[in-house]
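The values are calculated or read from the model by the stated rules, or taken from the named source; none is laboratory data. Values in this document were obtained by computation on a predicted structure and should not be read as measured data. Note: ideal-geometry Cβ built from the backbone for every residue, glycine included; neighbour counts use all protein chains shown.
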Amino acid sequence: MDVASSLTDRDREILRLLRWHRVLTTSQLHAMFFGDLNTAQHRMTRLYELRLVERFRPLRNGRDGEYHYVLDRLGAFVVAVMRNDDPDREVKMRWRTDQALSIATSQRLAHTVGANDVFVRLAAAARAMPGAKLVTWWGERYCKAVLGEVVRPDGLGLWREGDAEVTFCLEYDRGSEPLRRLSEKAADYARLEVAWGVPFWLLVVVPGPRREAGAHAALAGEGLAAATTTQALARAPAAAIWAPLGADDTRLRLAELAGWPRPAASAARLRSATRGRYGSTDEEEAG
C-alpha cells in the first residue's frame, strides 16, 4: 500500500527504463526527468527506500562516483504489472536483483553507461526542442533479442525533428577492441540492410580523433550510411557532431543525416531488400 500510494507516472517510466536499459546514473535520470538535481536525488532515494531500485557507487579515481541505479525485485514486479497479465510468473522467471547488480563489477559497466548516455542526452535535448522527440530507444538486450542473428548493436533509435526522421544503430566504441572488429561489424550491418530493408544510419562513437580516423577507414569497405563522432562531442548528440564517411571535415546535426545522400552500395542493398519483400523485378516496377 505504501508503494501504491507513492508511485507517480514518472516513477513508473523510470522503473520501465531501468528494466530495459539495465543501469542509469543520477545525472542521467536528472537529465531525462527532473528540472533540479536535488529533486532527482531525493526522489531516487525514496524509490530506493521503497525497495523499488537498488544502487551502487563505483570508484572513480579512488573515490566514490555518483549513484548508479538498477531495478530491485519490487520494481520489477511493478513493471511486470504494467505489461503482463501474470506478473508473479514474470518476476519469478525473469528477475533476480543479484543478477541486476552484477553490472556493478562488470567490465562492461562503462560501456553500458556510455551507450545509454547517447540516448539519455537525446531524450533530454528533445525536452528543450519543440518538434523533436526520441521516438524509439532499443537497448542492447532488446537489440540482441530482435536483431541478434544478424548483428548486435549497442542500441537502436528513431530521432524525429520537425519533418526529419533518422533511424540509427549505435556502436559505442571505447577503443578496447582492434579496428578490424569494426570492419567485421560493418559487414554484419550490410547484411542487416538486406534483411531488414530499413534505411538506417550506423552511428559510431569513439574515444578520440585518432580512433575516429581509424574507424572511417575500417568502415569504408561496405558502403554503409555511417557517421562517427568522439565521446567528448557525443555529449550533444543532436548537434552538428556527426561526420559521415567520405565527407571530409563535414559534421552534421543528427536530423540532417535524413537528407544526406546514401552511398550507392547501401541504396542498392535497400532496393534489393524491397524487391525481395514485394516479389517484383525491375521490369515490373518500370511497367
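A few notes on this one:
- Scanning segment 116-164 for residues that are in contact (Cβ under 8 Å) with a residue 24 or more places away in the chain and of a type in the set (Asp, Glu) turns up ASP117, GLU140, ASP154, GLU161.
- Per the listing SER27, SER6, the residue uniquely surrounded by 13 or more Cβ atoms within 10 Å (Cβ to Cβ), under 19 Å from ARG127 (Cβ atoms) and of a type in the set (S, T, N, Q) is SER27.
- Only one entry in ALA258, ALA240 is under 27 Å from GLY162 (Cα atoms) and not in a helix (DSSP H, G or I), namely ALA240.
- Taking segment 119-158 as the range and being within 22 Å of ALA190 (Cβ to Cβ) and crowded, with 20+ Cβ neighbours inside 10 Å as the test, the residues that pass are TRP138, GLU140, VAL151, PRO153, ASP154, GLY155, LEU156, GLY157.
- When the residues of segment 30-52 are filtered to those that are of a type in the set (Ser, Thr, Tyr) and over 27 Å from ALA236 (Cβ atoms), the one that is surrounded by the most Cβ atoms within 10 Å (Cβ to Cβ) is TYR48.
- Taken as a whole, segment 148-169 holds at least one residue that is at pLDDT below 95, out of contact with any Ser or Thr (no Cβ under 9 Å at 6 or more places or on another chain) and over 17 Å from LEU202 (Cα atoms).
- Among residues of segment 245-255, those that are more than 22 Å from ASP163 (Cβ to Cβ) and in contact with a Gly (Cβ under 8 Å, 6 or more places away or on another chain), counted: 0
- Flag for ARG55 being modelled with pLDDT of 95 or more, within 22 Å of the chain's Cα centre (by Cα), among the charged types (D, E, K, R) and surrounded by 16 or more Cβ atoms within 10 Å (Cβ to Cβ): yes
- When residues of segment 58-87 are limited to those that are of a type in the set (Val, Ile, Thr) and buried (at least 19 other Cβ atoms within 10 Å of the Cβ), the one farthest from GLN107 (Cα to Cα): VAL78
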